[in-house]
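**Student:** There's a structure below that I have some questions on.
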Amino acid sequence: MPRKLTITLDDDVYEGLHRVVGTRKISRFIEELVRPHLIDEDELEAGYAALAAAEAADPNYGDWDEEPLGDVADESR
């Protein structure tokens, strides 16, 4: 269900929104910008559970990020 929200913006930002986005499209524009930055706690917990399951299934899971890379300047071309 849509909710009404009152926000305060500088005049130049408000005018820019009207100029670039257009009248009656500002709410949708802001919602599309904000939505990806919100964390869904259920998805976050599911991700951690999947990571824990992968680590439990394979004791070497994630070891690749612990290996030193070495110095590539010493390698032949």
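The values are calculated or read from the model by the stated rules, or taken from the named source; none is laboratory data. As the structure is a prediction and not an experimental result, all values here were calculated from the model. When we count neighbours, we look across all protein chains shown, and the Cβ atoms used for this are built from the backbone with ideal geometry, even at glycine. For the accessible areas, the whole protein counts, side chains as well, though only heavy atoms, and no ligand, DNA or RNA atoms are used. Shrake-Rupley method; radii C 1.70, N 1.55, O 1.52, S 1.80 Å.
**Student:** Being open to solvent by 90 Å² or more (accessible area, probe 1.4 Å) and over 14 Å from Pro2 (Cβ atoms) is the filter here, so list the residues in region 16-31 that pass it.
**Tutor:** Arg19, Val20, Thr23, Lys25
**Student:** Condition (residue is among the basic types (Lys, Arg), in a loop (DSSP other than H, G, I, E, B) and at pLDDT 85 or above) applied to region 20-29: is it met by at least one residue?
**Tutor:** yes
**Student:** Next up: Which of (1) within 25 Å of the chain's Cα centre (by Cα); (2) at pLDDT 85 or above is the odd one out, the single condition Gly62 does not satisfy?
**Tutor:** Single failed check for Gly62: (2).
**Student:** Hey, can you tell me all the residues within region 32-49 that are assigned to a helix (DSSP H, G or I) and under 30 Å from Leu17 (Cα atoms)?
**Tutor:** Matches in region 32-49: Glu32, Leu33, Val34, Arg35, Pro36, His37.
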